[in-house]
Amino acid sequence: MKAIVNVALKQGVLDDQGKATHHALDTLEFKEIVKDVRIGKQIILELNSSNEDEARAEVTKMCEKLLANTVIEDYSIEIIG
């Protein structure tokens, strides 16, 4: 079983990487198509579990303890059997 965790800064938290990337895309002539850029991270975990509910609960604990800074970041979890 695999878990995919997407972590991104919460709305309202300044995203310096996103701003820099947006500026670079503007200078590369993508100004008309790109409205905003937010940079996040993706974590892919191979799990030793066959129970989706248990896997989600464990990955949630991982996010809360290590993978995401829940003060400034949101996360989402996708479990793939």
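How many Å² of accessible area per residue for the chain, probe 1.4 Å?
Solvent-accessible surface per residue comes out at 74 Å².
Are there any GluC sites (Glu not before Pro) in region 9-64 that are in a DSSP loop and have at most 16 other Cβ atoms within 10 Å? List them by number.
Glu32
Can you check what the net charge comes to around Asp53, using other residues whose Cβ is under 15 Å from the Cβ of Asp53 (Lys, Arg +1; Asp, Glu -1)?
With Lys, Arg at +1 and Asp, Glu at -1, the neighbours total -2.
More than 18 angstrom separation, counting every C-alpha pair in region 34-81; what % is that?
Value for region 34-81: 37 percent of Cα pairs lie more than 18 Å apart.
Could you tell me the convex hull volume per residue, in Å³, taken over the Cα atoms of the chain?
Here the figure is 106 Å³ per residue.
List the lysines whose Cα sits under 21 Å from the Cα of Lys10, skipping any in the same chain fewer than 8 residues away.
Qualifying lysines at Cα under 21 Å: Lys19, Lys35, Lys41, Lys61, Lys65.
Just need the relative contact order of the chain here, percent rounded to a whole number, with Cα pairs under 8 Å and 6+ apart.
In percent, rounded to a whole number, it is 53.
The values are calculated or read from the model by the stated rules, or taken from the named source; none is laboratory data. Computed from a predicted structure; not experimentally measured. Glycine also receives a Cβ, built like all others from the backbone with ideal geometry; neighbour counts cover every protein chain displayed. The area values use the complete protein model at the heavy-atom level, side chains included, leaving out ligands, DNA and RNA. Shrake-Rupley method; radii C 1.70, N 1.55, O 1.52, S 1.80 Å.
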